[in-house]
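A short reminder: the numbers here are calculations on the coordinates, not readings from a lab. None of these values were measured; they are calculated from a predicted model. Note that we place each Cβ from the backbone using ideal geometry, even for glycine, and neighbour counts take in every protein chain shown.
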Amino acid sequence: MGLFKKKIVKKTYDREYMKPVIRASICTGEEVAGFKDIRTGKIEEIMLIRSPEDLQKFKEIYEITEEITKEY
């Protein structure tokens, strides 16, 4: 039934002060993609990552080309 693909809306983030990270839980294995403020160390959660496709979608939305680090 997928005749029409949903258009991905591009978003931006402050590349000078924010860096993309994946926060992973040691216990449950849950992964959440977001941005870490380099100055304060605070993480702003953006979306839950359930599959590699979710991670790819996150990278496309925010135009991220570099490797995203995981933090536990």
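Given the conditions (1) within 14 Å of the chain's Cα centre (by Cα); (2) β-branched (V, I, T); (3) surrounded by fewer than 16 Cβ atoms within 10 Å (Cβ to Cβ), which single one is not true for I64?
Unmet for I64, out of (1) within 14 Å of the chain's Cα centre (by Cα); (2) β-branched (V, I, T); (3) surrounded by fewer than 16 Cβ atoms within 10 Å (Cβ to Cβ): (3).
I'm trying to understand the selection: among the residues of the stretch 38-72, which are basic (K, R) and under 19 Å from K7 (Cα atoms)?
Of everything in the stretch 38-72, those that are basic (K, R) and under 19 Å from K7 (Cα atoms) turn out to be K57, K59.
Going through the stretch 14-34 one residue at a time, which ones are in contact (Cβ under 8 Å) with a residue 24 or more places away in the chain, surrounded by 10 or more Cβ atoms within 10 Å (Cβ to Cβ) and either of a type in the set (S, T, Y) or out of contact with any strand residue (DSSP E or B) (no Cβ under 9 Å at 6 or more places or on another chain) (or both)?
Passing the criteria: only S25.
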